[in-house]
Amino acid sequence: MVIKAKNLQDAEELLHSGINKVELAYDIGSDDFFRLASRWCDRGARITKGHQHFVVQIKGMAIPPNN
């Protein structure tokens, strides 16, 4: 099941909460895209282009926030 994020903060919160498949259902800017990619791809995520938006998928266990 894919959960849709409305902005970068929403996407980050969903990924940190353990959701393993998040659709970036908004027009993400290049700076935000590369920030998200560098942060999550280092942790094993894969970003693919869906029909209309990018989809971030994490395999394995959830990564807790670094607060």
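Hey, could you check the stretch 51-61 for residues that are exposed (fewer than 12 other Cβ atoms within 10 Å of the Cβ) and either part of a helix (DSSP H, G or I) or on the phi < 0 side of the Ramachandran plot (or both) and say which is modelled with the lowest pLDDT? Only one residue tops the list, namely 61.
Of all the numbered requirements in (1) modelled with pLDDT of 95 or more; (2) open to solvent by 70 Å² or more (accessible area, probe 1.4 Å); (3) not small (Gly, Ala, Ser), residue 64 misses one, and that requirement is (1).
Taken over the stretch 24-46, the criterion of being under 13 Å from residue 58 (Cβ atoms) and either among the aromatic types (Phe, Trp, Tyr) or outside any helix (DSSP H, G or I) (or both) is satisfied by 40, 42, 43, 44, 45, 46. For the stretch 1-16, a residue qualifies if it is within 21 Å of residue 66 (Cβ to Cβ) and open to solvent by 80 Å² or more (accessible area, probe 1.4 Å), and the qualifying residues are 9, 13.
With respect to (1) modelled with pLDDT of 95 or more; (2) surrounded by 10 or more Cβ atoms within 10 Å (Cβ to Cβ), the lone exception for residue 44 is condition (1).
Among the residues of the stretch 17-41, those that are open to solvent by less than 50 Å² (accessible area, probe 1.4 Å) and within 9 Å of the chain's Cα centre (by Cα) comprise 22, 23, 24, 36, 37, 40.
The values are calculated or read from the model by the stated rules, or taken from the named source; none is laboratory data. These numbers come from a predicted model, not from an experiment. As a convention, Cβ positions derive from the backbone with ideal geometry for all residues, glycine included, and neighbour counts pool all protein chains shown. All accessible areas refer to the heavy atoms of the entire protein, side chains included, with ligands and DNA or RNA removed. Shrake-Rupley method; radii C 1.70, N 1.55, O 1.52, S 1.80 Å.
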